[in-house]
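Take a look at the structure set out below.
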Amino acid sequence: MTTRTKKLKMDEEDNLKEEKEVEKEEEEDYSETSSEEVNSSEEDKKRKKAVKKAPAKKAAAKKAAKKAAAKKAATTKKKSKDEDEEKEDEEQDEDEDEDEEKVTKKTNTKATTTTTTSVSIATDNFDEPKVEDNQMKVISWNVAGFKSVLSKGFTEYVEKEKPDVLCLQETKISPSDIKKDQLPKGYEYHFIAADKKGHHGTGVLIKKKPLAVTFGIGIDKHDNEGRVITLEYDQFYIVNTYIPNAGTKGLQRLDYRIKEWDVDFQAYLEKLNSNKPVIWCGDLNVAHTEIDLKNPKTNQRSAGFTIEERTSFSKFLEKGYVDSYRHFNPGKEGSYTFWSYMGGGRSKNVGWRLDYFVVSKRLMDSVKTSPFHRTSVMGSDHCPIGIVVDLN
């Protein structure tokens, strides 16, 4: 083979080799292109599928959101309704007797929306103070409606307390509506009603029978509100009273309270006291001193704390009577007998001391221990108060 022939053959082999390499590269390019196209095709399918699913997902989400919104609206409506009903019930409890209600007395004008620490009210021990055979336990309680308190544990409380005499105020019930089988067993009872049905009124439950029971003070313009029942015993009189409120709308009854009622009632007490010592008890509708209510500064012109009412009460004491609770607890603060339902006054102990045992000074030797407040007893915006007196 000549050199030229050999060279030509080598060129042909090189060309063939290059052609094969080109073909191989083209196959690889095609393979890569084909793979990319396949991948692209699959991605396109996924996108199309996703596009088809998107409206369905969006519709489902919209439906779920609508359902959630409806549920929330229903919950809000129910909550609002419950709150309205709760408020309505509370207002009804407070406003059974508009002329006599005390809920307008101001509580804490600096109250905020922050949480306030509550004052715990201990459970009362009804075995204390001890009552001996020669003693009498007298309880006084503004029940804010006798029918109402009957359904709130009244009988159970009386059975635990075991008072010899129970004086009730703001009974709001006609004697003809009293059913003996609803009352605690072993008690004689007497009630007096106001001429205006469903207002005022007083009552007594008696275990130790008195010599006499008297209704009113003998003056029609006062007695038509059913505010006084007097029990006569050998040793003393017990005078159960529901003193008129000075008024919740601009102190509209303040003049009547201090210029008419207080004057005539003081004369009535003096007449009794000239014969026998007196135990005067009940809701007297006055906080006598600044420590007898939580917020004296903001209540200077509130019914029950006006200077006129407090001065008038002082005049009673100057006639020879003693505020028996203050006699034993001269500087004690935070001791109240009434709490407004408004603002949760009872749980915060934002209250007033409106209920008293005022005793003839010459009888104080028969009062051996301090009068007590049954602050754990519910059923009214007042709590029962009590006193134990010697019968010697």
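The values are calculated or read from the model by the stated rules, or taken from the named source; none is laboratory data. Please read these numbers as outputs of a predicted model, since none were measured by experiment. All Cβ positions, even for glycine, are placed from backbone atoms using ideal geometry, and neighbour counts span all protein chains on display. We work out accessible area using only protein heavy atoms, side chains counted, and drop any ligands, DNA or RNA first. Shrake-Rupley method; radii C 1.70, N 1.55, O 1.52, S 1.80 Å.
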Could you give the spread of the C-alpha atoms of the stretch 162-227 along their three principal axes, from largest to smallest, in whole angstroms? 34, 25, 16
Put 328, 126, 215 in order of accessible area, largest first, probe 1.4 Å, and you get 215, 328, 126
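Relative contact order for the stretch 307-392 using alpha-carbon pairs under 8 Å, separation at least 6, rounded to a whole percent? Working shown, then result.
Working: 112 pairs, mean separation 24.8, N = 86.
Over the stretch 307-392, the number comes to 29 percent.
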Total charge of the residues flanking residue 259 in space, meaning their Cβ is under 11 Å from its Cβ, with Lys and Arg +1 and Asp and Glu -1, is -3
Longest to shortest principal axis, alpha-carbon extents of the stretch 226-280, angstrom: 43, 16, 14
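Placing +1 at every Lys and Arg Cβ and -1 at every Asp and Glu Cβ, with all other atoms neutral, what dipole size does the stretch 284-392 have around its Cα centre, in debye to the nearest 20?
Values: 15 positive and 11 negative charges, 29 e Å.
Roughly 140 debye for the stretch 284-392.
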Using all alpha carbons of the stretch 292-375, what is the percent of pairwise distances in each 10 Å bin, ordered from the shortest bin to the longest? 15, 44, 32, 8, 0
Under 5 Å between amide hydrogens, which residues at least 5 positions from residue 202 or on another chain qualify, with H placed 1.01 Å from N in the peptide plane? 171, 192
Would you compute the Debye intensity of the stretch 261-316 from its alpha-carbon atoms alone, equal scatterers and no solvent, and pass along log10 I(q)/I(0) at q = 0.16, 0.17, 0.26 Å⁻¹ to two decimals? -0.56, -0.61, -1.06
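What do you get for Rg/Rh over the stretch 195-251 if you use C-alpha atoms and the Kirkwood form of Rh?
Rg divided by Rh gives 1.05.
Please list the equivalent ellipsoid semi-axes of the stretch 117-222, computed as the square roots of five times the alpha-carbon gyration tensor eigenvalues, in descending order and whole angstrom.
On the way: eigenvalues 124, 72, 40 Å².
For the stretch 117-222, the semi-axes come out at 25, 19, 14 Å.
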Cβ-defined net charge surrounding residue 183, 13 Å radius [Lys, Arg +1; Asp, Glu -1]: 0
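I want the local charge near residue 331. Using Cβ-Cβ distances under 12 Å, sum +1 for each Lys or Arg and -1 for each Asp or Glu among the other residues.
On the way: positive: 326, 332; negative: 290, 292, 333.
Result for the local shell: -1.
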